[in-house]
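Trainee: One structure coming up, written as structure tokens, with questions to follow.
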Amino acid sequence: MEMWELKDPIPGDIIRIAVDQFYHFAIYLGNDEVVQFGYPTDFKNDPKDVRVMRSPIEDFLNGNFVEVRCYTKEEKKTKRKNDEVIKLALSRVGEGNYNILYNNCEHFVNDIVFGKKESTQVDIIRQEMKRRLGI
């Protein structure tokens, strides 16, 4: 289970904010900058217009409080080093192909940090849909 804390991030951290009933994720670069896959409300826009971007943290926060990912002992064994995270995140600026179910901001940060495109939010929704459908 993922753990999150309200604290100041350090460069290379995964951070998130609450947006409506979901979370929006980014990689903290330091100097009040982030790399994020779209703005916090872009999931409502045309997916072809959503891009990975470097932006001021204020644009990411959108008036919310930031939460910082706390890694388990096992996750620390597989996560990339923070300087690698930053370098990889910056190399992806400009990418597109946003898809809320298969290539969203959470997939992006987990791919950068762990090398796995995963979204806990999407997994929870899929499980709930299967439960409701009796699958």
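Trainee: How many of the residues making up segment 38-48 are open to solvent by 100 Å² or more (accessible area, probe 1.4 Å) and without any contact (Cβ under 8 Å) to a residue 40 or more places away in the chain?
Mentor: Number of matching residues: 1.
Trainee: I need the full set of residues from segment 30-43 which are assigned to a loop (DSSP other than H, G, I, E, B) and either within 15 Å of CYS105 (Cβ to Cβ) or modelled with pLDDT under 95 (or both), in order please.
Mentor: GLY38, TYR39, PRO40, THR41, listed by residue number.
Trainee: Moving on to the next point. Looking at segment 109-128, which of its residues are assigned to a loop (DSSP other than H, G, I, E, B) and either among the β-branched types (Val, Ile, Thr) or surrounded by fewer than 11 Cβ atoms within 10 Å (Cβ to Cβ) (or both)?
Mentor: LYS116
Trainee: Something else: If a residue must be in a loop (DSSP other than H, G, I, E, B) and either without any contact (Cβ under 8 Å) to a residue 60 or more places away in the chain or open to solvent by 50 Å² or more (accessible area, probe 1.4 Å) (or both), how many such residues does segment 3-29 contain?
Mentor: Looking only at that region, the number is 8.
Trainee: Which of (1) surrounded by fewer than 18 Cβ atoms within 10 Å (Cβ to Cβ); (2) farther than 16 Å from PRO11 by Cβ; (3) polar (S, T, N, Q) does SER55 not meet, given it meets every other one?
Mentor: (2)
Trainee: Which of the residues spanning segment 65-75 are open to solvent by 80 Å² or more (accessible area, probe 1.4 Å) and assigned to a helix (DSSP H, G or I)?
Mentor: Once the filter is applied, which keeps residues that are open to solvent by 80 Å² or more (accessible area, probe 1.4 Å) and assigned to a helix (DSSP H, G or I), segment 65-75 yields LYS73, GLU74.
Trainee: Return only the number of the condition from (1) buried (at least 16 other Cβ atoms within 10 Å of the Cβ); (2) touching a residue at least 40 places away in the same chain (Cβ under 8 Å); (3) hydrophobic (A, V, I, L, M, F, W, C) that LEU88 does not satisfy.
Mentor: Looking at each condition in turn, LEU88 falls short on (2).
Trainee: Within segment 35-49, track down each residue that is in contact with a Cys (Cβ under 9 Å, 6 or more places away or on another chain) and not acidic (Asp, Glu).
Mentor: GLN36, PHE37, GLY38, PRO40, PHE43
Trainee: Is one or more of the residues making up segment 100-108 open to solvent by 70 Å² or more (accessible area, probe 1.4 Å), under 18 Å from ILE17 (Cβ atoms) and either touching a Lys or Arg at 6+ places or on another chain (Cβ under 8 Å) or at pLDDT below 95 (or both)?
Mentor: Yes, the conditions are met somewhere in segment 100-108.
Each row is one residue, and each column tells you yes or no for (1) assigned to a loop (DSSP other than H, G, I, E, B); (2) at pLDDT below 95; (3) under 21 Å from MET1 (Cβ atoms).
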| site | (1), (2), (3) |
| --- | --- |
| MET53 | no, no, no |
| GLU58 | no, no, no |
| GLY63 | yes, yes, no |
| LYS77 | no, no, yes |
| VAL85 | no, no, no |
| GLU95 | yes, no, no |
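The values are calculated or read from the model by the stated rules, or taken from the named source; none is laboratory data. A quick note: this is a predicted structure, and the numbers were derived from the prediction, not measured. Reconstructed Cβ throughout: ideal geometry from the backbone, glycine too, with neighbour counts over all protein chains shown. Remember, those area values only see protein heavy atoms, side chains included, never the ligands or the DNA or RNA. Shrake-Rupley method; radii C 1.70, N 1.55, O 1.52, S 1.80 Å.
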